[in-house]
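Laboratory data are not the source of any read-out in this text; all were calculated from the coordinates shown. It should be emphasised that the depicted structure is a prediction, and the values quoted were computed from it without experimental measurement. Glycine gets a Cβ as well: all are built from the backbone with ideal geometry, and neighbour counts include every protein chain shown.
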Amino acid sequence: MSTKVAEFLDDLDGGVFSQKLAAALSDVGAGVTTHGKAGSVTLTFNFKQIGGSSQVQIDHTLKYTKPTAKGKVSEENSTATPMHVGKGGALSLWPETQDDMFRQKTT
């Protein structure tokens, strides 16, 4: 099983990262077509294991450069999201399985 990319992006920063990415893509696209100059959108993901668990802390950075009439405008935004790593390395906000916290003990 592999990571579901659309779901992964929607989970980052509680859904805010996906909205920022959509705005950056639209903004750069509009700047490129309006001014006839190149623009860019760059995503960077850095992973660190959380303790000895099967979780990772993902530091995600969105950087974009939009052309303007007399130059360019750039912005960079960084946030972080913890994720679970499941079978085959699939990343998810929630673990694949979770123990029953309310299971009654049998004696």
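Local charge for residue 18 was computed over the other residues whose Cβ lies under 12 Å away, with Lys and Arg +1 and Asp and Glu -1, and equals -3.
Once both labels are positioned 7 Å from their Cα atoms along Cα-to-Cβ, the gap between residue 75 and residue 94 label points is 3.2 nm.
What is the extension gain from residue 4 to residue 38, computed as 0.36 nm multiplied by their sequence separation minus the C-alpha to C-alpha distance, in nm to one decimal? Computed gain between residue 4 and residue 38 is 9.2 nm.
Summing charges over all other residues whose Cβ lies under 14 Å from the Cβ of residue 59, with Lys and Arg as +1 and Asp and Glu as -1, gives 0. Compared with the dominant principal axis of the Cα atoms in the chain, helix 16-35 is inclined by about 20°.
Mind putting a number on the dipole of the chain about its Cα centre? Charges go on the C-beta only, +1 for Lys and Arg and -1 for Asp and Glu, and I need it in Debye to the nearest 20. List each step's numbers first, then the result.
Numbers: 11 positive and 11 negative charges, 73 e Å.
Charge dipole of the chain: 340 debye, to the nearest 20.
Only lysines eight or more places from residue 87 in sequence, or on another chain, were considered; those with a Cα closer than 25 Å are 4, 48. Qualifying trypsin sites (Lys or Arg not before Pro) in segment 24-101, where qualification requires a DSSP coil assignment and no more than 12 other C-beta atoms within 10 Å, comprise 70.
Per-residue ellipticity at 222 nm for the chain, helices alone: DSSP H runs ≥ 4 residues times -39500 (n - 2.57), over residue total, nearest 500 deg cm²/dmol?
Numbers: 2 runs with 27 residues, N = 107.
One gets -8000 deg cm²/dmol as the mean residue ellipticity at 222 nm.
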